[in-house]
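Structure record follows, encoded as structure tokens.
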Amino acid sequence: TDLAHIRNFSIVAHIDHGKSTLADRLIQATNTVPDRDMKEQLLDAMDIERERGITIKANTVRIEYDALDGQSYVLNLIDTPGHVDFAYEVSRSMRAVEGSLLVVDSTQGVEAQTLANVYQAIDADHEIVPVFNKIDLPASDISRVAEQVEDVIGIDASGAIAVSAKTGEGIREVLEAIVHRLPAPTGDADAPLKAMLVDSWYDPYLGVVVLVRVMDGKMKKNDRVMFMQNGTVHQIDKIGVFRPKMQDVKELGPGEIGFITASIKQVRDTKVGDTITHEKKGCEKPLPGFNPSIPVVFCGLFPVDSAEFEDLRDAIEKLALNDASFSYEMETSAALGFGFRCGFLGLLHLEVVRDRLEREYDIELITTAPSVVYNIYMKDGTMQELHNPADMPDLTYVDHVEEPRIKATIMVPDEFLGDVLKLCQDRRGIQLDLTYAGSRAMVVYDLPLNEVVFDFYDRLKSVTKGYASFDYSIEGYRQDNLVKMQILVNDEPVDALSMMVHRDRAEMRGRAMCEKLKDLIPRHMFKIPIQAAIGGKVIARETLSALRKDVTAKCYGGDATRKKKLLEKQKAGKKKMRQFGKVEIPQEAFISALKMD
Ligand code: GDP
Ligand code: MG
């Protein structure tokens, strides 16, 4: 296809504003998929994506559209992941296209992720067409949304298209706008091959599939291509496009988006953002700005049943095949046994991985408290990264500690603003900005990431009854008074409960943890002290008194079956206990203790 008849675009939106539904309508309106094969949310393939309504990996579809000007166009839609954890992948896929549809739910208005995603599109120099969705609903208010788009985002909303992705109203206008308002790609077919690696995933039949956007030159079957990041060379076995099913093509030229397979074994060998060129007569310089995503949140994953450790290892290895941004290494914990220390792009990523392990591989897991990566500066002048609070070096050797900070953007209706400010303040936040768009406030805070990874989303949702939206970006590291707090049960440290805390908040956290554990740990025949300590100094303490009575004593008299039931129940409970020194701690105690409230 010649460049003038190609349009490449993505759809940016806050979650639930209708991105997937709009994509479905575009596919349907252009008869890309026969009606009988049409199902909802065609591009959201993974189960978890469907259930949670989020698109995790970028998906792509090539649409052929006969425009009203009588000409045929090839439209390539890249559906970008909708969540902040995948920001780097969003920014890459944005650079593979020239324009964006900005979808805003006209019953809701601009939200935090609308902003984050549209800024990525603006960064990538996109032409942006605002699309106001859900006009079939009575609460739809186009003029209010238009005002917001202009005030908050600062782009012209006069050419916005009002649509209902549900009924199909306005879809033709969207297709026409893609053709006439978005720019055609540019590129030189005769120049050396330069293609961007937009995404990659593992396919059980084909091996690693690589999504590419060709910038210059051409690629075809049997070409030997080099991945410039690590210099590896592969021969292309298969080349094609998504409609959205795979369809082979002879070649891909400038401006085109498609896939290749090349007997690549691991997703790890294909870095998003990398440049692909020919082994011989290749391009000299790779595309700018290669900057792979790195894990920022770590936690331990342990099987509830230690006999399932090998199964967990297999499952994690398989998952990692398809998710290069997920890292893992073996970890042992006195409390939890053998498990893995895993790194994630963020909390959602963590949840998704944990969910898949539990669901697809049927392994029940204990997750330890998520921790961020700290930079520990030693007195000898060296620096080390701390991924696990249990590994914190002795304080006498530590000069200072730095923690990651984020810039958080929160949009919230007026009436909840006070609660949101208080929450951010409580989490050691520094207010950077506060503005209004109609009756919604936009607050920007500088916050420590470690205060956010616990339960910030949940708290934010509950104090705003679900009306706030939240987005963040990592800003950098800053020194603060951070210490490791240990929990001692019966004078033995429980490594799985160690955490890094700000010194000023240590007593509060320590007290809360001890109180909680006191309720969670069953009483034993002896007294058990539960303590929180910083470097040997106890800062909070509770005592679990000794058990005096027989558990069955509270069953009066002769009810033998009830007695038996109670004893059986106790026995069953025992199986899930973790022996800890002389103390048995039920596994639920860890899970509950690790949840903050
Ligand atoms: P995404 O998260 O942006 O991909 O949003 P979805 O496409 O999954 O849509 C979220 C919800 O809004 C779904 O329940 C859709 O059925 C619904 N929805 C999407 N577009 C419309 C629309 O135009 N009108 C109405 N009434 N509902 C819509
Ligand atoms: Mg979706």
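If the limit is 22 Å between Cα atoms, which of 194/271; 134/422; 265/285; 194/221; 194/245; 422/516 go over it?
134/422; 265/285; 194/245; 422/516
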* **Dipole of the chain, positive end: most advanced residue of 373, 333, 145 [Cβ charges, Cα centre]** => 333
* What percentage of the solvent-accessible surface of the chain, computed with a 1.4 Å probe over protein heavy atoms, is contributed by carbon and sulfur atoms? -> 48 percent
* Structure fact -> Expressed as a whole-number percentage, the relative contact order of the range 412-468 with C-alpha contacts under 8 angstrom and at least six residues apart is 40 percent
* Asked: Where does the chain land at 222 nm, in deg cm²/dmol rounded to the nearest 500, when only DSSP H runs of n ≥ 4 count, each adding -39500 (n - 2.57), divided by all residues?
  -> -7500 deg cm²/dmol
* Asked: Counting other Cβ atoms within 10 Å, which trypsin sites (Lys or Arg not before Pro) in the range 463-504 have at most 15 and lie in a DSSP loop?
  -> 465
* Which shape class applies to the range 172-261: rounded if a/c is under 1.5, otherwise prolate when a/b exceeds b/c and oblate if not, where a ≥ b ≥ c are the square roots of the Cα gyration tensor eigenvalues? -> oblate
* Find the all-direction average of the projected area of the Cα convex hull for the chain, expressing the result in square nanometres with one decimal place. => 32.2 nm²
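With a 1.4 Å probe and every protein chain left in place, work out the accessible area per residue of the range 190-255 in Å², rounded to a whole number. Show your work: numbers first, answer last.
On the way: 2920 Å² over 66 residues.
Result: 44 Å² per residue.
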* Remind me, relative contact order of the chain in percent, using alpha carbon pairs under 8 angstrom and six or more residues apart? -> 9 percent
* Lys, Arg +1 and Asp, Glu -1 on Cβ, resulting dipole of the chain about Cα centre, debye, nearest 20 -> 2420 debye
* **Overall dimensions of the range 272-367 by Cα: Rg and Dmax, Å** => 17.2, 57
* To do: If a/c stays under 1.5 just call it rounded; otherwise compare a/b with b/c (prolate if a/b is bigger, oblate if not). Do that for the range 134-211, with a ≥ b ≥ c from the square roots of the Cα gyration tensor eigenvalues.
  => prolate
* To do: Take the Cα of residue 176, step 7 Å along the line toward its Cβ, and report every residue of the range 136-153 whose backbone nitrogen sits under 20 Å from that point.
  => 136
* Asked: Ignoring ligands, DNA and RNA, what accessible area per residue does the range 96-164 give at 1.4 Å, in Å²?
  -> 35 Å²
* To do: Give me the accessible area of residue 382, 1.4 Å probe, in Å² rounded to the nearest 10.
  => 70 Å²
* Structure fact -> Per residue, accessible area of the range 431-491 with a 1.4 Å probe, heavy atoms of protein chains only, in Å², comes to 44 Å²
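The values are calculated or read from the model by the stated rules, or taken from the named source; none is laboratory data. Worth saying up front: this structure is predicted, and the values here are computed from it rather than measured. Glycine also receives a Cβ, built like all others from the backbone with ideal geometry; neighbour counts cover every protein chain displayed. Areas reflect the complete protein model, heavy atoms only, side chains present, ligands, DNA and RNA absent. Shrake-Rupley method; radii C 1.70, N 1.55, O 1.52, S 1.80 Å.
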